[in-house]
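*Asks:* Sharing a structure with you now.
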Amino acid sequence: MIKKKSVLFLSLLISGLLALPSLAVEVDSQGFLNLVRENNPTLQASLNRVEAFSHTVKSVVATQRPSAGVRGNTGWYSDSDRARQGSYTLSAAVSSIIDVSGVYPARERELLLQYNVLTLDHFSLVNNTLALAENLYWRSFIARENITLQKEILAQRREDLRITEEKFRQQLIPRLDVIRAQAKVEEADSLVVEAESSYQSVLAEMGSLAGGVIVTPASEALLMPTLSVKAGVEEARRQRNDVRSIEVAIERGRVLKTLAAKGMSPVVEGSVGYTLLTDAPVTQQRQNEFLLSLNLSVPVYDGGQTREDVAEKSKTIEALEESLKARENTVAEEVVKAITQWERAVAIEGSKRKQLARSNEELRITQLMYKEGMGAQIDLLNAQVDNQRVRTEHLTAIKEMYLALVSLKQVMSEYQPAPLP
C-alpha cells in the first residue's frame with residue numbers, strides 16, 4: 001500500500017513538472033545550439049576575456065608610439081638681487097623611445113600571438129560546450145520517445161490484464177494469473193514514472209546549459225542518424241584549435257626568447273621641446289626656443305639575468321613541443337575511438353532492429369493464442385518481457401548512434417569556428 005502511495009505521489013509530481021514545458025521554448029538541435037552559444041554564461045565569460053585582452057594589446061602597443069604633452073612650472077626666487085620675483089615656464093614636447101634593437105615589432109607580435117592563443121582556446125571551449133549541448137538534446141529527445149514507448153507498453157499490459165480478468169470471471173484460469181497480470185501493470189506504470197523523471201532531469205541540464213532558458217526538443221519524427229562527418233586523424237590535427245593553440249604558443253615562445261635575448265640592448269630616448277611662455281632668466285631656456293635632446297643608455301652588466309631568461313624561454317619551448325606531441329597523440333586516439341564508437345553503434349542498432357522485428361511477431365502470435373485460449377500465460381509473460389527489453393534496447397541503440405555522431409563531430413571540431421589563418 002505504501003509503495004502504491006509513493007508511486008502515486010511521484011506520478012503527481014511528474015505531472016506537475018510536465019506542465020512546465022508549456023512555458024518552454026521548443027527548439028530543434030540547431031536552435032538549441034544557437035541558444036547555448038548566445039546564452040551560456042561560461043562561453044560569454046570566455047568571449048569577454050578574449051575581447052578584454054584585445055584592448056590590452058592595443059594599450060601596450062600604444063606605449064611604443066611617440067607621446068606629446070604640455071608642461072608648466074613656476075618658481076619663486078628669494079635672492080634680493082632678483083627682487084624676490086617669481087618665474088614661470090610653459091612648454092610643449094614630443095618624446096619617444098627610439099627602437100634601435102627591434103624590440104617593438106617583436107613585442108607587438110608576441111602580444112598578437114598571445115591574443116591568438118586565447119582566441120583558439122575560446123574556440124575549443126565553444127566546440128566542447130556545443131558538443132555537450134547536442135548530446136543533451138538527443139538524450140532528451142530519446143528520453144521523450146522512451147516515455148511514449150513505456151506508455152504504449154503500459155496500455156498493452158492493461159489490455160492483457162483486462163483479458164486475464166475476463167478469463168478469470170469465466171473460470172478459465174486461476175486467480176494467480178490475474179495477480180501476475182496486475183504485477184505487470186504496476187511494473188509498467190513505474191517504468192513510465194521513471195522515464196518521465198529521466199526526461200525532466202535532462203531538460204533541467206539543458207536549461208542550465210542554455211543560461212536558464214526553459215527548452216524542450218522539437219516535436220518531430222525520430223529519424224535514423226546518418227554519418228555526416230568526414231573523420232580522419234590528419235584532418236582532425238589540422239582542424240583542431242586545441243592543437244593550433246599549442247602551435248601558436250610555441251611560436252610565441254620563440255618570440256619571447258628573442259625578446260629575452262635583447263635584454264642587454266641599448267636604449268635611446270629622444271625628445272623635441274618648444275618653450276611657449278617664460279619669464280625665466282636668460283641663463284635658462286628662452287621663450288619661443290626649441291630644445292632637442294637625445295639620451296643613450298647602454299647596459300654593461302645585468303648579473304646574468306638575460307642569460308637565465310633566455311635559458312628559461314628555451315626550456316619553455318621544449319615543454320610546449322612535447323605538449324604538442326602529446327596533444328596530437330590524444331587527438332589520434334580520440335578520432336579512432338569515435339569512429340569505433342560509431343561503427344559499434346551502427347552494428348548494434350542493426351542487430352536490435354532484427355531482434356525487434358522477431359520479438360514483435362512473437363508477441364503478436366502469443367497474445368493472439370492467449371486471447372483465443374490456446375496459450376499459457378507464462379508464455380505471454382515471457383514474450384512481453386522479451387519484447388519490452390528489445391524495444392527499449394533498440395531505442396537505446398538509436399540514442400547511442402546519435403551520441404556517437406556527436407562524438408565524431410566533436411573530435412573533428414565541427415562545432416567550433418574555423419582555425420585562425
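What follows draws every value from the coordinates through simple rules; no lab data is involved. Note that the structure is a prediction, hence the values are computed from the model and not measured. Please note: Cβ atoms are built from the backbone with ideal geometry, for glycine as well, and neighbour counts cover all protein chains shown.
*Asks:* For a quick check: with amide H placed at 1.01 Å from N, whose amide H comes under 5 Å from Val215's, ignoring anything fewer than 5 positions away on the same chain?
*Replies:* Placed amide hydrogens put Val25, Gly207 under 5 Å from Val215.
*Asks:* What order, most packed first, do the peptides 205-217, 371-383 have when packing is the mean number of other Cβ atoms within 10 Å of each residue? Can you show the working numbers first?
*Replies:* Details: 205-217: 18.8, 371-383: 14.6.
Going by the mean number of other Cβ atoms within 10 Å, highest first, we get 205-217, 371-383.
*Asks:* Just order 247-253, 347-353 by mean Cβ neighbour count inside 10 Å, highest at the front, would you?
*Replies:* Listed from highest to lowest mean packing, they are 247-253, 347-353.
*Asks:* In sequence order, what are the phi-derived ³J(HN,Hα) couplings for the range 119-125 according to the Karplus relation 6.51 cos²θ - 1.76 cosθ + 1.60 with θ = phi - 60°, rounded to whole Hz, with x for glycine and proline?
*Replies:* Each residue's phi maps through the Karplus curve to give 5, 5, 5, 5, 4, 5, 5 Hz.
*Asks:* Which order, highest average first, do 221-233, 394-406 follow once you tally other Cβ atoms within 10 Å for each residue and take the mean per peptide? Kindly include the intermediate steps, with their values, before the conclusion.
*Replies:* Details: 221-233: 12.5, 394-406: 21.1.
Packing proxy ranking, top to bottom: 394-406, 221-233.
*Asks:* Answer rounded, prolate or oblate for the range 310-387, using the Cα gyration tensor with square roots of eigenvalues a ≥ b ≥ c: rounded when a/c is under 1.5, else prolate when a/b is larger than b/c, else oblate.
*Replies:* prolate
*Asks:* Using the Cα gyration tensor of the range 199-250, with a ≥ b ≥ c the square roots of its eigenvalues, what is the shape: rounded (a/c below 1.5), prolate (a/b larger than b/c) or oblate (neither)?
*Replies:* Oblate.
*Asks:* Subtract the Cα-Cα distance of Ala204 and Val336 from 0.36 nm times their separation in residues, and report this length gain in nm to one decimal.
*Replies:* Gain in length upon complete extension: 44.3 nm.
*Asks:* Could you size up the charge dipole of the range 337-392 around its Cα centre, putting +1 on the beta carbon of Lys and Arg and -1 on that of Asp and Glu, and report it in debye to the nearest 20?
*Replies:* 300 debye
*Asks:* Once you keep just the Cα pairs under 8 angstrom separated by 6 or more residues, what percentage relative contact order results for the range 326-409? List each step's numbers first, then the result.
*Replies:* Details: 50 pairs, mean separation 39.0, N = 84.
Computed value for the range 326-409: 46 percent relative contact order.
*Asks:* A further question follows. Evaluate E = 1/(1 + (r/R0)^6) for Glu186 and Ser219, where r is the Cβ-Cβ distance and R0 equals 45 Å; express this FRET efficiency to the nearest 0.05.
*Replies:* Once the sixth-power term is evaluated, E becomes 0.90.
*Asks:* Same structure again: How would you classify the range 168-210 from its alpha-carbon gyration tensor, with a ≥ b ≥ c the square roots of the eigenvalues: rounded for a/c under 1.5, else prolate if a/b is greater than b/c, otherwise oblate?
*Replies:* Because a/c hits 1.5 or more and a/b exceeds b/c, the range 168-210 counts as prolate.
*Asks:* Separate question: What FRET efficiency would be calculated for the residue pair His55, Leu227, taking the C-beta separation as r and a Förster radius of 41 Å, to the nearest 0.05?
*Replies:* 0.40
*Asks:* Still on this structure, please answer the following. What are the ³J(HN,Hα) couplings of the range 145-155, residue after residue, when phi is run through the Karplus curve with 6.51, -1.76, 1.60 and θ = phi - 60°? Round to Hz, x for glycine and proline.
*Replies:* Result, ordered by residue: 4, 5, 4, 4, 4, 5, 5, 4, 5, 4, 4 Hz.
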